[in-house]
Amino acid sequence: MDTEAGSFAKLFDHSIVRPNATRTEVVQFGETAARLATATLTVQPHYIALAVELLRGTDVLVGTVVGFPHGNETPAMKQYQAEQVLDLGAQEIDMVMNIPALKNGEQQLFIRDIAGVVSAAEGRVVKVITENFYLSEDEKRRACEWIAQAGAHFVKTSTAYADGGATLEDVRLMHEVVNGRCQVKAAGGIRELPELLEYLRAGARRFGSTRTDQFVRAFQALPTEEKAIFAEFVPGLAGSV
């Protein structure tokens, strides 16, 4: 993997969290993540130990999910899940926020739900999934504000299991609300490289994808001047194009 493509691949959490994912499929995803040098390989908790073995000797982190995919566990349950997955070797967590607590205006419970996972993570990256398909614009704004207050590192658009995934409008809104206090991750429905560039311009700085290999190949095929357009958004790319 050349330096340019390796820097570009750090935009991605190469993800296989389908409930029917097999060991063979996880191994294939792990081999791809290691070859591309993605930010993470994100797997179900069941496959954390396997992911640790697959990624040994690489700089690809093991990501996993907590409160996935609905998010309506209690704060104590989520904190316990976080402690367990970290003990198994996970290094980043994508958790689903408490959607009913948001809709009911239960701010203290909502924030405590996230803060418990952030505390368990002890500085490791926590991304909080808002599942925007279920939310009004006001609820999206409130969710991002409260997530930032809780100390999470990312707000994330979706699990990709609701009926809708990422949209540019949502990413712009999320980026505006968090205002530098955390970053934005887009997941669900992004399929082409020009589309991904628009999401970067809207404020996304990480992507959850099963198509990471296709994105990296498309990036490698770009002329140098077109690769340079990405340098504004990709750490490490500016000096290599």
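The values are calculated or read from the model by the stated rules, or taken from the named source; none is laboratory data. Predicted, not measured: the structure shown is a model, and the values here were computed from it. Heads up, the Cβs are rebuilt from the backbone with ideal geometry, glycines too, and the neighbour counts pull from every protein chain shown. What goes into the accessible areas is simple: the full protein's heavy atoms, side chains included, and nothing from ligands, DNA or RNA. Shrake-Rupley method; radii C 1.70, N 1.55, O 1.52, S 1.80 Å.
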For this session: Looking at (1) open to solvent by 40 Å² or more (accessible area, probe 1.4 Å); (2) over 16 Å from the mean Cα position of the chain (by Cα), find the lone condition where Ala231 falls short.
Result: (1)
For this session: Hey, could you check region 30-48 for residues that are over 14 Å from Ile93 (Cβ atoms) and without any contact (Cβ under 8 Å) to a residue 40 or more places away in the chain and say which is least open to solvent (accessible area, probe 1.4 Å)?
Result: Gly30
Seminar exercise, completed: Picking from Gln149, Gln214, the residue that is within 22 Å of Gln107 (Cα to Cα), open to solvent by 30 Å² or more (accessible area, probe 1.4 Å) and not β-branched (Val, Ile, Thr) would be Gln149
Exercise. Considering region 165-187 alone, what residues qualify as being open to solvent by less than 20 Å² (accessible area, probe 1.4 Å) and either within 13 Å of Gly208 (Cβ to Cβ) or in contact with a Phe, Trp or Tyr (Cβ under 8 Å, 6 or more places away or on another chain) (or both)?
Worked result: Ala166, Val171, Cys182, Val184, Lys185, Ala186, Ala187
Exercise. Given the conditions (1) crowded, with 16+ Cβ neighbours inside 10 Å; (2) among the charged types (D, E, K, R); (3) at pLDDT below 95, and given that Glu139 satisfies all but one, which numbered condition is not satisfied?
Worked result: (3)
